[in-house]
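A quick write-up on the structure given underneath.
The values are calculated or read from the model by the stated rules, or taken from the named source; none is laboratory data. All values derive from a computational prediction rather than experimental measurement. Reconstructed Cβ throughout: ideal geometry from the backbone, glycine too, with neighbour counts over all protein chains shown. In case anyone asks, the SASA skips ligands and DNA or RNA and just uses the protein heavy atoms, side chains included. Shrake-Rupley method; radii C 1.70, N 1.55, O 1.52, S 1.80 Å.
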Amino acid sequence: MLAGKLEPITTDTAPAGKPKLLDELRSFMRTRRYSLRTEQAYVDWVRRFILFHGKRHPRDMAEQEIVEFLTHLAAKQNVSASTQNQALSALLFLYQQFLERKLGRLDGALRASRPARVPVVLTRAEVRALLAHVRPPYRLMAELLYGSGLRLLECLRLRVKDIDFGYSRIVVRSGKGEKDRVTMLPGRLRPSVEGASGACESGA
């Protein structure tokens, strides 16, 4: 992520006594139930965009300024394609959702290259060997990540009442995009999950 390459910066685009643009953007995103990570990332990109253009207000800028900023990220900052795409998503959200302004084409931006890589897929033996080196209670969490396809935050937020032992399934609440979904509970993990669930209930 680019956040690890650039120094933290601050900006103020509002007169004294008036809510700052970035504060208004945060409130706007929270009322629409965006995740905290998305909020932080989008607000940071908008801040960098404003500072890149000398603290001009986004309402005074348009497609050309966005293209210049995206090109700067690719040409000068050498960011990855995924990082540049995140910056673009943040600026599209700023203009199209928050400011309610339609944007034209942004074809002029230099796009960061995406290297062609073959994904690394572990064999079952390799996965077992990897999990064998993870100590409890983190091992059960790692097994759920692998066996149930949970994202890390989804696993950390998992509650006992979201586990349906009758149907061997897990209900993921407010996952990506604030959507619920259902995934399987692997049979091999069921005894361990039942034990952990019982311990949680007795501890409560």
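Taking Cβ atoms as reference points and 15 Å as the exclusive limit, the residues near residue 129 contribute a net charge of +2, counting Lys and Arg as +1 and Asp and Glu as -1. With a ≥ b ≥ c taken as the square roots of the eigenvalues of the C-alpha gyration tensor of segment 36-81, please select rounded if a/c is under 1.5 and otherwise prolate if a/b is larger than b/c or oblate if it is not? Note, shape of segment 36-81 comes out oblate.
Among the protein heavy atoms, those of residue 60 account for about 110 Å² of accessible surface (1.4 Å probe, every chain in place). Given a Förster distance of 41 angstrom, what is the FRET efficiency for residue 80 paired with residue 199, based on the Cβ-Cβ distance and rounded to 0.05? The computed FRET efficiency comes out at 0.45. Based on DSSP loop calls and a cut-off of at most 15 other Cβ atoms within 10 Å, the longest stretch of the chain free of exposed chymotrypsin sites (Phe, Trp or Tyr not before Pro) is what? Answer - 1-164. Full extension of the chain segment joining residue 114 with residue 72 gains 13.5 nm, where the gain is 0.36 nm per residue of separation less the Cα-Cα distance. Accessible area per residue for the chain, computed on protein heavy atoms with a 1.4 Å probe, is 66 Å². Sort the chain into rounded, prolate or oblate with this rule: let a ≥ b ≥ c be the square roots of the eigenvalues of the Cα gyration tensor; rounded if a/c is under 1.5, and if a/c is not under 1.5, prolate when a/b is larger than b/c, oblate otherwise. Prolate is the answer for the chain, as a/c is 1.5 or above and a/b outweighs b/c. Projecting label points 7 angstrom from Cα along Cα→Cβ for residue 173 and residue 96 puts them 3.2 nm apart. Taking amide hydrogens as placed 1.01 Å from N in the peptide plane, the amide H of residue 172 sits under 5 Å from those of 181, 182, 183, each at least 5 positions away in sequence or on another chain.
Protection proxy ranking, highest mean first, for peptides 112-118, 82-88, 128-134: 82-88, 128-134, 112-118, where packing is the per-residue count of other beta-carbon atoms within 10 Å, averaged. When nucleic acids and ligands are ignored and a 1.4 Å probe is applied, residue 155 ends up with an accessible area of around 10 Å². A simple spin-label model places the labels of residue 63 and residue 105 0.8 nm from each other, with each point 7 Å out along Cα-to-Cβ. The accessible area of residue 100, taken with all protein chains in place and a 1.4 Å probe, comes to roughly 150 Å².
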